[in-house]
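A.B. asks: Take this structure, written in structure tokens, and hold onto it; I'll ask about it next.
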Amino acid sequence: MENWITDFLEQFGYLGVFLLICAENLFPPIPSEVILTFSGFMTSSTTLSVAGVIIYSTLGSVLGAILLYGIGMLFGIERMERFIQKYGSILRVKVTDIHRADRWFDKYGYWTVLFCRMIPLVRSLISIPAGMTRMNFPLFLIFTTVGTVIWNTFLVTLGAKVGESWEDIVHYMDIYSNIVYLLLFIVIVFCVVYFWRRKRK
């Protein structure tokens, strides 16, 4: 996949950055680390600029986040409640758990969106619960954009600095991503065990 991404970026430039980052938000397995660091490297050997890559990657990322926000709105809390009422006994989840999570997201959601935009995989998926809970859309855009700019600026600038060694950065980002995935797995297992034990009590 990395070779295809780099070939696409070399062929389409800013448009390629925009399209790939938008797709990365909708399909998280596409690695933004490769897209952004290689785009940063390209600024040293093509007409692309660091500022231009950051702008187009941010536009693509925000568009992808808006689309996922819309999907979350279409799904909605009501449908989630009906789903839990039907399958909650199997999943060990109650409707009250959904309401509790909804209240938590109402209270801390904006900062959650901001920080999650800098975490692999979660950076894309966080837009869905934001849409489900009908988070204030202008504020969602602001926090999403700020978090995205920080993430994009870091990787693009890093790619530009290290030049042809950009693949080394991708290697270290893969380690970071794997640590995040491991932590997410541990959290999910903990939640499953917690709900199972509470159900038994």
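A.B. asks: Between residue 111 and residue 27, how many nm apart are label points set 7 Å from Cα along the C-beta direction?
C.D. replies: 3.6
A.B. asks: How much of residue 158 can a 1.4 Å solvent probe reach, expressed as accessible area in Å² and rounded to 10?
C.D. replies: Looks like 50 Å² after rounding.
A.B. asks: How far is it, in nm, from the label point at residue 125 to the one at residue 10 when both lie 7 Å from their Cα along the line to the Cβ?
C.D. replies: Between residue 125 and residue 10, the simple spin-label model gives 3.4 nm.
A.B. asks: Between residue 67 and residue 47, take the C-beta separation as r, use R0 = 41 Å, and let me know the FRET efficiency to the nearest 0.05.
C.D. replies: About 0.90, to the nearest 0.05.
A.B. asks: With a Förster radius of 30 Å, plug the Cβ-Cβ distance of residue 134 and residue 154 into 1/(1 + (r/R0)^6) and report the FRET value to the nearest 0.05.
C.D. replies: Calculated transfer efficiency: 0.45.
A.B. asks: Carbon and sulfur: what percent of the range 30-69's accessible surface (1.4 Å probe)?
C.D. replies: In the range 30-69, the share of accessible area belonging to carbon and sulfur is 76 percent.
A.B. asks: Work out from phi, with θ = phi - 60° and the Karplus expression 6.51 cos²θ - 1.76 cosθ + 1.60, the ³J(HN,Hα) of each residue of the range 143-157, listed in order in whole Hz, and give x for Gly and Pro.
C.D. replies: Using θ = phi - 60°, the values come out as 5, 5, 5, 4, x, 5, 4, 4, 4, 5, 4, 4, 6, 5, 5 Hz.
The values are calculated or read from the model by the stated rules, or taken from the named source; none is laboratory data. Model, not experiment: these values are computed from the prediction. Glycine also receives a Cβ, built like all others from the backbone with ideal geometry; neighbour counts cover every protein chain displayed. These accessible areas exclude ligands, DNA and RNA; they are computed on the full protein's heavy atoms, side chains included. Shrake-Rupley method; radii C 1.70, N 1.55, O 1.52, S 1.80 Å.
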